[in-house]
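Peer 1: One structure follows; several queries about it will come next.
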Amino acid sequence: MLLMKFVPRMLAPSVYEIDFESLRAQGIKGIIFDLDNTLAGAGVPDADDQLKELLALLHSKGFQIVIVSNNSRDRVETFASPLGLPFFSRARKPFKRAFLEAMRLMRLRPEETAIVGDQMLTDVYGGNRLGLFTILVQPVSAASDGFFTRFNRRVERRMKARLMKKGIRLGEEGAHDR
């Protein structure tokens, strides 16, 4: 069922609440992060200390990290470069190209890669199409959503309602494998 392509493998309130040890135990070696409203609020130019600590911890545990964002090169570069992170901007998610380029850069296969993002229509759908481990987080700040993201969130609410009608709840164990 097409609708299942929008169901994440995991839900988390934020990037700070993801069980990265569990991911590593499942063979995940690389993480593709969305930027806006996943790692920081839209337009926030710099990572805060908490995010810097998380990224350093992930690196120390051997995870490779790439930022993949639909935003402009200037926006993504301003955020990613001080962190020393590779990135792909204007990614056109959910199209596959940027996800494939990020995996190629990390030299990883889909089953070794997770995507963490705040949107079902871009991050989750794009990742599921390639067989990545998809993780949906709550947006850092929905108040900063642009026009297209607000539209996507309306569509996502309708999709969640349809999934619930079918008895499928996001985050329900095994829901993704149905």
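Peer 1: Within the range 58-68, is even one residue under 24 Å from Arg104 (Cα atoms) and free of Cβ contacts under 8 Å to residues at least 12 places away in the same chain?
Peer 2: Within the range 58-68 (the criterion being under 24 Å from Arg104 (Cα atoms) and free of Cβ contacts under 8 Å to residues at least 12 places away in the same chain), the answer is yes, since at least one residue qualifies.
Peer 1: Okay, next question. Does the range 58-69 contain any residue that is at pLDDT below 95, within 15 Å of the chain's Cα centre (by Cα) and not hydrophobic (A, V, I, L, M, F, W, C)?
Peer 2: no
Peer 1: Among what's in the range 19-42 and is assigned to a loop (DSSP other than H, G, I, E, B) and closer than 19 Å to Phe79 by Cβ, pick the residue that is modelled with the lowest pLDDT.
Peer 2: If we take residues in the range 19-42 being assigned to a loop (DSSP other than H, G, I, E, B) and closer than 19 Å to Phe79 by Cβ, then Ala42 is modelled with the lowest pLDDT.
Peer 1: Given (1) under 19 Å from Leu132 (Cβ atoms); (2) among the hydroxyl-bearing types (Ser, Thr, Tyr); (3) outside any loop (DSSP other than H, G, I, E, B), where does Tyr16 come up short, assuming only one miss?
Peer 2: Answer for Tyr16: the failing condition is (1).
Peer 1: Going by the conditions given, is Pro45 surrounded by fewer than 15 Cβ atoms within 10 Å (Cβ to Cβ) and either part of a loop (DSSP other than H, G, I, E, B) or at pLDDT below 95 (or both)?
Peer 2: The answer is yes for Pro45.
Peer 1: Here's another thing I want to ask about it. Determine the pairs where a residue that is in contact (Cβ under 8 Å) with a residue 24 or more places away in the chain and within 16 Å of Ile65 (Cα to Cα), located within the range 87-115, has a partner that is of a type in the set (Lys, Arg) and crowded, with 19+ Cβ neighbours inside 10 Å with Cβ atoms under 8 Å apart, the partner being 6 or more residues away or on another chain.
Peer 2: Phe99/Lys93
Peer 1: Please pick out the residue among Phe133, Phe147 that is modelled with pLDDT of 95 or more and of a type outside the set (Lys, Arg).
Peer 2: Going through Phe133, Phe147 in turn, the sole match is Phe133.
Peer 1: Assuming Leu55 fulfils every condition listed in (1) surrounded by 16 or more Cβ atoms within 10 Å (Cβ to Cβ); (2) assigned to a loop (DSSP other than H, G, I, E, B) apart from one, which condition is it?
Peer 2: (2)
Peer 1: Could I ask something else about it? Any residue in the range 99-115 that is buried (at least 19 other Cβ atoms within 10 Å of the Cβ) and of a type in the set (Val, Ile, Thr)?
Peer 2: yes
The values are calculated or read from the model by the stated rules, or taken from the named source; none is laboratory data. The shown structure was predicted, so the numbers you read here are calculated from the model rather than taken from an experiment. So basically every Cβ, Gly included, is an ideal-geometry build from the backbone, and we count neighbours across all protein chains shown.
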